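> Here you go, one structure.
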Amino acid sequence: AVAFERTWLGVLPCTDCDGIQTRLQLRVDADGTRYLLEETYLGGAGDNRFVQEGAWREETTEINGEPAEVYRLDPDGPGRWFRVQPDGALEM
């Protein structure tokens, strides 16, 4: 595998806060695939920052009846999926 690192930063909608500032870093190195996900819930009191790390993989799934390439975090667990848009943005 070719070593690489990609990072996305944005604010996701939130039902009970002002938004979730989200930073996702994907990397591939000699140790394999690793991700770092930092989420900060905006507008709340106290410590609203959460950090997760783990493995990820690229896979094909179906979204609205169309095949889509996604990044799946924690592929052996419940997982979270992110799809890269044509403009390079990331969609959860």
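The values are calculated or read from the model by the stated rules, or taken from the named source; none is laboratory data. Quick caveat, the model's predicted, so the values are computed rather than measured. A quick note on method: Cβ atoms are made from the backbone with ideal geometry, for glycine too, and the neighbour counts reach across all protein chains shown. What goes into the accessible areas is simple: the full protein's heavy atoms, side chains included, and nothing from ligands, DNA or RNA. Shrake-Rupley method; radii C 1.70, N 1.55, O 1.52, S 1.80 Å.
> If we keep just the residues of segment 50-67 that are closer than 24 Å to residue 20 by Cβ and of a type in the set (S, T, N, Q), which is least open to solvent (accessible area, probe 1.4 Å)?
Looking at the filtered set, the residue picked out is 61.
> If the Cβ limit is 7 Å and pairs must be 6+ apart or interchain, which residue in segment 54-71 that is under 19 Å from residue 6 (Cβ atoms) pairs with which residue that is modelled with pLDDT of 90 or more and assigned to a loop (DSSP other than H, G, I, E, B)?
Filtered contacts from segment 54-71: 54/74; 55/74.
> Right, something else. Go through segment 68-90 and count every residue that is more than 20 Å from residue 27 (Cβ to Cβ) and open to solvent by 80 Å² or more (accessible area, probe 1.4 Å).
Count: 3.
> Another question, then. Search segment 12-39 for residues being open to solvent by 40 Å² or more (accessible area, probe 1.4 Å) and among the hydroxyl-bearing types (Ser, Thr, Tyr), and hand back the single one that is modelled with the lowest pLDDT.
So, considering only residues that are open to solvent by 40 Å² or more (accessible area, probe 1.4 Å) and among the hydroxyl-bearing types (Ser, Thr, Tyr), the one modelled with the lowest pLDDT is 15.
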